[in-house]
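Read through the structure below, which is laid out as structure tokens, and then see the notes.
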Amino acid sequence: MNWESWLLSGFLATLVLSTLLSLSQGIGLTRMNIPYLLGTMVTPDRQRAKLYGFVIHILNGWLFSILYVLIFESRHLASWWFGMLIGVAQALFVLTVGMTLMPSLHPRMASEQHGPSASRQLEPPGFMALNYGFRTPLSVFVAHAAYGAILGSFYRLSSGR
């Protein structure tokens, strides 16, 4: 594994992913704010949640890029299109499995199966995160495809092969 290349390409891809997801929320494609959702998992303070969630999202994206790099190395292939394919697969997993599990993992999120409670709770994303807008899956697929394409474009395979 080319550690230097991973550090740089993983960080760059994560910044682009975070920017695209934030942009899609800002222009009204989705109501989903992943850093906010992550941050409210660790603090009830809604202002601090934004900062904590952003840091968690950057670290998660950076660490998750290791999986991409391991796939690139095992296949001896790192290209924009191969990275994009992995990104689309990751987006599908996030939208179908991750978003469905979110209410089970999140201490401040309502459940699809229970009615309202006296405490303020976040809306569950639902299948494919469609509760946050019907264009949410589109923004998630585009952002993850770009993430994978950047990783595949900028990561340099280790020369030991």
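The values are calculated or read from the model by the stated rules, or taken from the named source; none is laboratory data. Since this is a predicted model, take the numbers as computed values, not measurements. Virtual Cβ from ideal backbone geometry, glycine too; neighbours counted across all protein chains shown.
Scanning the stretch 62-86 for residues that are part of a helix (DSSP H, G or I) and surrounded by 20 or more Cβ atoms within 10 Å (Cβ to Cβ) yields Ser65, Tyr68, Val69, Phe72, Gly83, Met84, Ile86.
Could you tell me whether any residue of the stretch 123-137 is over 19 Å from Leu21 (Cβ atoms), modelled with pLDDT of 95 or more and part of a loop (DSSP other than H, G, I, E, B)? No, every residue in the stretch 123-137 fails to be over 19 Å from Leu21 (Cβ atoms), modelled with pLDDT of 95 or more and part of a loop (DSSP other than H, G, I, E, B). Considering only residues of the stretch 30-43 that are in contact (Cβ under 8 Å) with a residue 24 or more places away in the chain and more than 12 Å from His106 (Cβ to Cβ), which is surrounded by the fewest Cβ atoms within 10 Å (Cβ to Cβ)? Out of the qualifying residues, it is Arg31. For the stretch 44-61, residues that are in contact (Cβ under 8 Å) with a residue 60 or more places away in the chain and either part of a helix (DSSP H, G or I) or within 15 Å of Ser22 (Cβ to Cβ) (or both) total 1.
Restricting Phe72, Phe82, Phe154, Phe141 to residues that are under 21 Å from Ser24 (Cα atoms), aromatic (Phe, Trp, Tyr) and modelled with pLDDT of 95 or more narrows the list to Phe141.
Within the stretch 1-27, the set of residues being free of Cβ contacts under 8 Å to residues at least 60 places away in the same chain and not in a helix (DSSP H, G or I) comprises Ile27 only. Of everything in the stretch 146-156 that is under 12 Å from the mean Cα position of the chain (by Cα) and crowded, with 23+ Cβ neighbours inside 10 Å, the residue that is farthest from Leu85 (Cα to Cα) is Tyr147. Residue check: Lys50 meets all listed conditions (1) closer than 21 Å to Leu12 by Cβ; (2) surrounded by fewer than 19 Cβ atoms within 10 Å (Cβ to Cβ); (3) at pLDDT below 95 but one, namely (1). Scanning the stretch 100-114 for any residue that is over 23 Å from Leu20 (Cβ atoms) and crowded, with 19+ Cβ neighbours inside 10 Å turns up at least one such residue. For Thr30, the test of being assigned to a helix (DSSP H, G or I) and touching a Gly at 6+ places or on another chain (Cβ under 9 Å) is failed.
Out of Asn60, Asn131, I need the residue that is under 14 Å from the mean Cα position of the chain (by Cα) and of a type in the set (S, T, N, Q). Which one? First the steps, then the outcome.
On the way: Asn131 fails: under 14 Å from the mean Cα position of the chain (by Cα).
Every option except Asn60 fails the conditions.
In this structure, is Leu70 out of contact with any Asp or Glu (no Cβ under 9 Å at 6 or more places or on another chain) and more than 18 Å from Val142 (Cα to Cα)? So Leu70 fits the description; yes.
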